[in-house]
Ligand SMILES: [Zn+2]
Ligand SMILES: [Zn+2]
């Protein structure tokens, strides 16, 4: 299993994942040109991709989905609810490349287990991904609050991609209008650094090798603060774990297990 977060934040999100030699994108919230350039920077060949999986219809997750699908003849996996409200933004998708997510599904032997998360889109899902080699990962980058369902899917994985969106004090004092602060803090908004750290501790097991912190806000958080807060939470429980922040404008390392 190989993974790199190609970029993450309110201006775009996309994660490259290769499971047993089968590569995918989870979300494509940048222009096709940007995503192809970032994959080239990692030495990856975009024409090898097998599919794009979509978590929800917000623009920072789907901006490049339609163009990449047309350019690379890529299937899109999306919930019917998300497709209904994003069809015009995605543009024309070849019928054979439009695959609706109704439940768990396989692509070339890779198991994808979608799970619902609370966020202010029509429907938002995260994914647990299982390879035939026994490696597992879970990803969710827009979570208003975490539930038993989310904890279940993040348990017993080798890699996590999880958001650490805001610091509560910075959110309160930043220049956002009141309604936006309420939205971010609400159960349909985003996860704070502290909550992210607690979720990781709740799901920790010795096989967990790596956590990427995603969707870090530029206005109500800093990359250093997200990392420090999560590390403090982990250390308070005696957990030693590799944690890396995903940036908006650059790729993370291509981590392999
Ligand atoms: Zn969103
Ligand atoms: Zn988002």
(request) At 7 Å along the Cα-to-beta-carbon direction for both residue 87 and residue 40, put a label point, then send me their distance in nm to one decimal. (result) 3.5
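When the helix-only estimate is applied to the chain (DSSP H runs of n ≥ 4, each -39,500 (n - 2.57), divided by the residue count), what is the mean residue ellipticity at 222 nm, nearest 500 deg cm²/dmol?
Numbers: 9 runs with 79 residues, N = 257.
The helix contribution divided over the chain gives -8500 deg cm²/dmol.
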(request) Quote the FRET efficiency, to the nearest 0.05, computed for residue 145 versus residue 236 with a Förster distance R0 of 22 Å and r equal to the Cβ-Cβ distance. (result) 0.55
(request) Take 81, 187 and order them by how many other Cβ atoms sit within 10 Å, fewest up front. (result) 187, 81
(message) As a footprinting exposure proxy, order 110, 122 by other Cβ within 10 Å, with the fewest listed first.
(response) 122, 110
(request) Taking only Cα atoms and a 10 Å spring cutoff, compute GNM fluctuations for the chain and point out the largest among 217, 31, 88. (result) 88
(message) For the chain, set up a GNM with springs between Cα atoms under 10 Å and report which of 143, 200, 62 has the largest fluctuation.
(response) 200
(message) Quick check: Cα centre of segment 3-49 to Cα centre of segment 158-180, how many Å?
(response) 24
(message) Suppose each label sits 7 Å from its Cα in the direction of the beta carbon; what would the residue 205-residue 100 distance come out to in nanometres?
(response) 3.4
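Packing-wise, with mean Cβ within 10 Å as the measure, how do 155-165, 174-184 rank, highest first?
Details: 155-165: 23.7, 174-184: 13.4.
Output ranking for 155-165, 174-184: 155-165, 174-184.
What is the fewest-to-most order of 39, 137 by other Cβ atoms lying within 10 Å of their Cβ? Working shown, then result.
Numbers: 39 22, 137 25.
Ranked by crowding around the Cβ, least crowded first: 39, 137.
Provide the percentage of antiparallel DSSP beta bridges, counting only those with both residues in the chain; round to the nearest 5.
On the way: 26 of 48 bridges.
Antiparallel bridges make up about 55 percent of those DSSP assigns within the chain.
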(message) Once you order the gyration tensor axes a ≥ b ≥ c over the Cα atoms, which shape class does segment 114-257 get: rounded for a/c under 1.5, otherwise prolate or oblate by comparing a/b with b/c?
(response) prolate
(request) Could you grab the relative contact order for segment 81-172? Cα pairs under 8 Å, six or more apart, rounded to a whole percent. (result) 20
(message) Relative contact order for segment 2-256: what percent, with Cα pairs under 8 Å and sequence separation of 6 or more?
(response) 19
(request) Please find, in a Gaussian network model of the chain (springs between Cα atoms separated by less than 10 Å), the residue of 86, 192, 14 whose mean-square fluctuation is greatest. (result) 86
(request) List the residues of segment 179-221 whose backbone N lies under 12 Å from a point placed 7 Å from the Cα of residue 11 along the Cα-to-Cβ direction. (result) 218-219
(request) For segment 80-112 and segment 61-77, compute the distance between their C-alpha centroids and round to whole Å. (result) 10
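We did not get these values from a lab; they are worked out from the coordinates using the rules stated. Predicted, not measured: the structure shown is a model, and the values here were computed from it. Heads up, the Cβs are rebuilt from the backbone with ideal geometry, glycines too, and the neighbour counts pull from every protein chain shown.
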